[in-house]
């Protein structure tokens, strides 16, 4: 449904696009409301994973550099 | 005390120090093959906590060798843990993942957590979840 059919009056071609936008804006009005609670983003998992990866690398080097501590 | 006596005493002390040093180093030297043999027969094994453990009774040589290794490991873990800002236990456990993943050979003993001693089969050792990124 266009504005022309609603209003029953022809609208200049140039004015059609902004007019359509106006229709859309009215029809699809999205309400953005601020959340009541603060947004929490949990980064603990990622940080922990990075620590594990880094420690594994340290461990590997420790074993390579001190074979006498890791006899086979 | 005359000068000669003093010199004689110094030589005696030096000799004793050299002798004692030799005994200590030969003892330390004897421990490593003993520990390797114990690892091979499974009376000693790697644990997920990053240290060697005893799977049954072992000789005094093996025991002191394993304890010496564990003390050195703990010192190394403590250094790295301080550098990375983690606990010594975390650093040790991360190393445990590596030893279980790549150091334990087929047929050797290993232990995860407080579980029972197991022997490594043909496949890789199933590691604890926190080792997900080992290798």
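Bear in mind these aren't lab numbers, they're just calculated from the coordinates by the rules spelled out. None of these values were measured; they are calculated from a predicted model. Reconstructed Cβ throughout: ideal geometry from the backbone, glycine too, with neighbour counts over all protein chains shown.
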Peptides ranked, highest mean first, by Cβ atoms within 10 Å: ranges A:52-60, B:70-78: A:52-60, B:70-78
Calculated FRET value between residue A:29 and residue B:130, using beta carbons and R₀ = 35 Å, to 0.05: 0.10
